[in-house]
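**Q** Please see the structure below; I have some questions.
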Ligand SMILES: NC(=O)c1ccc[n+]([C@@H]2O[C@H](COP(=O)([O-])OP(=O)(O)OC[C@H]3O[C@@H](n4cnc5c(N)ncnc54)[C@H](OP(=O)(O)O)[C@@H]3O)[C@@H](O)[C@H]2O)c1
């Protein structure tokens, strides 16, 4: 399998370490030579949200599957644009561990629904150079909580000049230092609290996950998420735990 990679920053370099010769080309923000890029089996975007539209058009024009690892974008018409023309995998977090944790977060949300006094919230911490906030992963956890704990109807970063409304899910963001990525998800009642923590020490789990994702999307059409990729490995685990 030959890969074309948009992005040669921290995650792009980690992907190169893992994928080696499978990467046919890897480009940054200089778009001048895009037309000359060789055909590949799968495109991987690990660049910046602002460039995604252009990269999606490139993938559609080349009829090449696209794995989107980039965060900090919103494209409400993604499904319509993609249709069944190519396969697109949206993966704001490539780690299988995060896919596993997302399922646990859903359980936490359901658990919090059983106790009127229970609150849920998320805290995330990333290195100072991260450009978007909250992280794409925090948004995945927030969405899982909104769906499993409907007493929360929307997420918000802590509002500066008012108290949090009861139906608001707080996503707290810390930027600084060198932490690759850290997320805490808490269920909190007056008497006790549970916190699940995920800490990434480096980008290697994401780079390996990106490679797995690129293999998975080949031969598929439509829009998918990492939950689809992880289902094969996680479904048996959760079925066994019932
Ligand atoms: N899915 C996951 O598991 C996961 C994990 C970690 C990070 N991420 C996300 O992956 C993305 C990249 O992270 P990173 O830490 O590697 O970032 P980074 O080190 O800042 O690298 C960003 C890359 O994007 C390129 N770029 C910047 N502006 C561009 C533009 N206008 N058009 C095209 N390319 C442009 C840069 O080009 P130059 O090389 O020319 O500067 C660089 O290669 C971020 O969105 C981050 O949140 C995802």
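**Q** Exactly one of these conditions fails for residue 197: (1) touching a strand residue (DSSP E or B) at 6+ places or on another chain (Cβ under 8 Å); (2) without any contact (Cβ under 8 Å) to a residue 60 or more places away in the chain; (3) over 21 Å from residue 94 (Cα atoms); (4) away from the ligand (no atom under 16 Å from the Cβ). Give me its number.
**A** For residue 197, the exception is condition (3).
**Q** Of the residues that sit in the stretch 9-21 and are buried (at least 18 other Cβ atoms within 10 Å of the Cβ) and in contact with a strand residue (DSSP E or B) (Cβ under 8 Å, 6 or more places away or on another chain), which one is nearest to residue 41 (Cα to Cα)?
**A** Across the stretch 9-21, the extreme among qualifying residues is 19.
**Q** Can you find a residue in the stretch 46-55 that is surrounded by 15 or more Cβ atoms within 10 Å (Cβ to Cβ), out of contact with any strand residue (DSSP E or B) (no Cβ under 6 Å at 6 or more places or on another chain), without any contact (Cβ under 8 Å) to a residue 40 or more places away in the chain and in a helix (DSSP H, G or I)?
**A** Taking every residue of the stretch 46-55 in turn, at least one turns out to be surrounded by 15 or more Cβ atoms within 10 Å (Cβ to Cβ), out of contact with any strand residue (DSSP E or B) (no Cβ under 6 Å at 6 or more places or on another chain), without any contact (Cβ under 8 Å) to a residue 40 or more places away in the chain and in a helix (DSSP H, G or I).
**Q** Let me ask something additional. Identify, by number, the condition in (1) surrounded by fewer than 23 Cβ atoms within 10 Å (Cβ to Cβ); (2) more than 11 Å from the ligand (Cβ to nearest atom) that residue 72 doesn't meet.
**A** (2)
**Q** Every residue in the stretch 32-45 that is closer than 20 Å to residue 219 by Cβ, within 15 Å of the ligand (Cβ to nearest atom) and free of Cβ contacts under 8 Å to residues at least 60 places away in the same chain, please.
**A** Within the stretch 32-45, 43, 45 qualify.
For (1) assigned to a helix (DSSP H, G or I); (2) in contact with a strand residue (DSSP E or B) (Cβ under 8 Å, 6 or more places away or on another chain); (3) away from the ligand (no atom under 14 Å from the Cβ), each residue gets a yes or a no:
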| position | (1), (2), (3) |
| --- | --- |
| 89 | no, yes, no |
| 93 | no, no, no |
| 106 | yes, no, yes |
| 115 | no, no, yes |
| 123 | no, yes, yes |
| 139 | yes, yes, no |
| 144 | yes, no, yes |
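**Q** Could you pull out the residue among 174, 211 that is in the same structural domain as residue 65 (by TED's automatic domain parsing) and over 26 Å from residue 115 (Cα atoms)?
**A** 211
**Q** Out of all the residues in the stretch 207-219, is one or more away from the ligand (no atom under 16 Å from the Cβ) and without any contact (Cβ under 8 Å) to a residue 60 or more places away in the chain?
**A** There is no residue in the stretch 207-219 that is away from the ligand (no atom under 16 Å from the Cβ) and without any contact (Cβ under 8 Å) to a residue 60 or more places away in the chain.
**Q** For residue 29, work out the one condition from (1) farther than 22 Å from residue 225 by Cβ; (2) touching a strand residue (DSSP E or B) at 6+ places or on another chain (Cβ under 9 Å); (3) within 7 Å of the ligand (Cβ to nearest atom) it doesn't fulfil.
**A** Looking at each condition in turn, residue 29 falls short on (2).
The values are calculated or read from the model by the stated rules, or taken from the named source; none is laboratory data. Predicted, not measured: the structure shown is a model, and the values here were computed from it. Glycine gets a Cβ as well: all are built from the backbone with ideal geometry, and neighbour counts include every protein chain shown.
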